[in-house]
Amino acid sequence: MEPRMSQKHDAIRQFTIACSHQPSFQLLNQDTQLEAEISLIALPKDLNLEISIVILDQLALKAGDISIWKAQCPKAIFIVEHPIDYEDCILVPSGLPDIFLRNSIIKALHQLSTQQQLEISHQTLTEEHEQITRLLDVGQALSAERDHHALLARILSEARLMACCDAASIFLIDRHSGQQDNQAPDLVFKLTQNDSIDFDFEEKRFCLDNQSVAGFSALTGEVVNLTDVYDLPKNSIYKFNSSFDRSMNYRTCSMLVIPMRNHQGRVVGVIQFINRKRDIDIALTNPEIALAQTISFDDSILPILQALASQAAVAIENNLLIDRVNMLFDGFVKASVRAIEQRDPTTSGHSFRVAELTCALATTAAECKQGHFASVSFDLEEMKELKFAALLHDFGKVGVREHVLTKAKKLSHEAYGRFMYRIAWEKERICNYYLKQKLKLLREHNLSSEVEEQLTVEEAQKILRLNNYLQAVADANEPSLLAEGTFEHLKQVREYIVEDLSGQSRGLIDEFEFNALSIKRGSLTADERIEIESHVSHTIEFLKTIPWTPELSNIPKIAGAHHEKLNGCGYPNKLHAHEIPLGAKIMAVCDIFDALTATDRPYKASVPLDRALSILQSEVVSGHIDSELVQLFSQAKVYNILDIK
């Protein structure tokens, strides 16, 4: 549809007749039934393009050839006095009676009227075809737009073109706003556009009622068409708020408000059209121009705008539905991560921090556009995919036994408790033994002060030995690097024989406990470490069961490769550098950094920032992680988003 509006269809154009024959001119002027304007002409230059019928006698043809006359007025019908040999002319004999001349003119007028009606019909069909084609194009464009704000802006711009109006606004009904308090929904003023004035716009909320024009239309579902908003129907219950007009020196005249209904027929909002213009290019810069150049919204434009409103409603509903599904899924992912981290409260927040760091480093890499990162880019869907992969990278920990997952010391809480019990039992046995010895000697009158002191010293030495063993095990139980001599102390503890409640002899610690306490790094035994590392395999298997959309289909692959090393020594699949997704390489850097700097790990203190960056560099030297990513991570200070001290 052409943005510039035409007024052709408002009335049938009046015909004009140019006549060179004086008697005929007088006759035509006396005929009151001829609906035409009559003018007397003598020369071709007397004609203009607006003339409908030209009547020429022989005298006029002598003043100029018929071709000259036709050139001056090519669309007119020519009635020419005989004789003349020229096509497309109505020939009449010389001295033709008035009645025959009049009939010829009436015939010409009927021909012109038919021609005009055909032109109008053709133009109407052409415009309707253009409107429908435009509407289809707009519908396709709206259905393809996923950005909600851009969608609303597109709806308004297309609507204003179709309506040829100066301004338009869009209001949406928020039915969730009042549900909890049983209040009326909100009417949200989402967006407005105005060709004539610029102003700052802020989204506003109103209680949905029938006091405003937009609210009335949204509440009742009725179309409101006003010729002048300052002259409302006397029985109207809504009012026009003129504060904008007063503050901006604007003049709102005509207004059309159309409810937007979804596929269920439910009103989801309204489009408000303001000031339909005679010409789309006219700027209504002051009230006087607005009053002169605006027209009402007639019934002919209403169906196409209602169709557009319906398309807009469906597009908005689809976008909101997609947004709600995304929010639902995002909430489900975050809830799942929190549920998993509740099994190991000591690492709570780790997955969220890793996701935040990973997305920040990915964004930084995409913005770098130099060297190794010249071709790196992440669109919105790829960034969402990376975010979810980072959030779910430890999802497989749900398949790891809880006592292994939460193991903070080398010995389990139960195993260390049993060791403490054995120490206490042995101390009690030693004390009882020496007490019995002293009592025996006392009965035999052989307990001298020297003997008693000797027994007390022996008892104290044995208790001290047990206390030393207790301290050695307590020190070894901490998941830190062991000193060189600690193993000997542990061997002595293992070789110290005690009796249990059943009278069976055993060491203060058994072979399993000795091996656990001998771990040089961390708190896990070899078997437990294998079980912990299996969380990645569990992650892959769990994530594969989710029917991801095509845009998120790489999540299992990215999340499942965050423990792979560039040199192929990682797990679970021992992938090499070229086999590891870029997202997983980014995540590996961030995962290691957070594990080093986290302040909530009970088995180790957090590493200072400088030390953490140094360890990342050592991982690069070992061929484990990407050097370019580590350098970018350090130079761009990506870690600042976590407020690392």
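Miscellaneous remarks
- Charge tally for ALA472 (other residues, Cβ to Cβ under 12 Å; Lys, Arg +1; Asp, Glu -1): 0.
- Under 21 Å from LYS585, Cα to Cα: lysines that are on another chain or at least 8 residues apart: LYS369, LYS384, LYS387, LYS397, LYS544, LYS557, LYS565, LYS574, LYS637
- Descending by average beta-carbon neighbour count within 10 Å, the peptides 588-599, 359-370, 330-341, 388-399 line up as 388-399, 588-599, 359-370, 330-341, the highest first.
- Here the dipole of the range 29-93 is about 220 debye; that uses its Cα centre as origin and unit charges on the Cβ of Lys and Arg (positive) and Asp and Glu (negative).
- Toward the positive end of the charge dipole of the range 447-573, with +1 on the Cβ of Lys and Arg and -1 on the Cβ of Asp and Glu, the farthest Cα among GLY560, GLN504, ASN467 is that of GLY560.
- Computed from Cα positions, the angle between helix 148-163 and the longest principal axis of the chain comes to roughly 0 degrees.
- From the alpha carbon centroid of the range 537-579 to that of the range 25-98 is 90 Å.
- Sorted on the mean count of surrounding Cβ atoms within 10 Å across their residues, most packed first, peptides 349-356, 425-432 read 349-356, 425-432.
- When SER375, SER217 are compared by accessible surface with a 1.4 Å probe, the order from highest to lowest is SER375, SER217.
- Normalised per residue, the accessible area of the range 392-469 is 63 Å², obtained with a 1.4 Å probe and no contribution from ligands, DNA or RNA.
- From the coordinates of this entry, percent of Cα pairs over 32 Å apart is computed, and it appears in [x] 72; [y] 59; [z] 52 under the label [x].
- The chain: relative contact order as a whole-number percent, Cα under 8 Å and 6+ apart: 9 percent
- Ranking VAL213, SER243, VAL325 by Cα position along the charge dipole of the chain, where only Lys, Arg, Asp and Glu carry charges on their C-beta atoms, puts VAL325 farthest toward the positive end.
- Cβ-derived FRET efficiency at R0 30 Å, ILE497 paired with VAL451, nearest 0.05: 0.65
- Residue among ALA108, ILE68, HIS350 farthest towards the positive dipole end of the chain, charges placed on Cβ: HIS350
- Within the range 55-113, the trypsin sites (Lys or Arg not before Pro) that combine a DSSP coil assignment with at most 12 other C-beta atoms in a 10 angstrom radius are LYS75.
- Net charge dipole, the chain: roughly 2040 debye, given to the nearest 20, about the Cα centre with Cβ charges of +1 for Lys and Arg and -1 for Asp and Glu.
- Computed label-point distance, nm, for sites GLN471 and LYS440 using a 7 Å Cα→Cβ extension: 3.2 nm
- Under a 5 Å amide H cut-off, with hydrogens placed 1.01 Å from N, ILE79 pairs with VAL54, ILE55, LEU56, ILE90 among residues at least 5 apart or on other chains.
- Helix 449-477 and the longest principal axis of the Cα set of the chain meet at an angle near 20°.
- Solvent-accessible area of the chain (1.4 angstrom probe, protein heavy atoms only): carbon and sulfur portion equals 53 percent.
- Here is how the number arises for the chain: DSSP H runs of 4 or more residues each give -39500 (n - 2.57), the sum is divided by the residue count, and the result at 222 nm is -16500 deg cm²/dmol.
- Of ARG278, ARG246, the residue with the largest accessible area leads and the full order is ARG246, ARG278 (1.4 Å probe).
- Taken about its Cα centre, the range 205-271 carries a charge dipole of roughly 160 debye when the Cβ of each Lys and Arg holds +1 and the Cβ of each Asp and Glu holds -1.
- Cross-link reach list, lysines versus LYS204, counting only Cα pairs under 21 Å and skipping chain neighbours closer than eight places: LYS190, LYS239
- Probing with 1.4 Å while keeping every protein chain in the model, the per residue accessible area of the range 227-349 equals 50 Å².
The values are calculated or read from the model by the stated rules, or taken from the named source; none is laboratory data. These numbers come from a predicted model, not from an experiment. Here the Cβ is made from the backbone with ideal geometry for all residues, glycine too, and neighbour counts use every protein chain on show. These area figures cover heavy atoms from the full protein model, side chains too; ligands, DNA and RNA do not enter into them. Shrake-Rupley method; radii C 1.70, N 1.55, O 1.52, S 1.80 Å.
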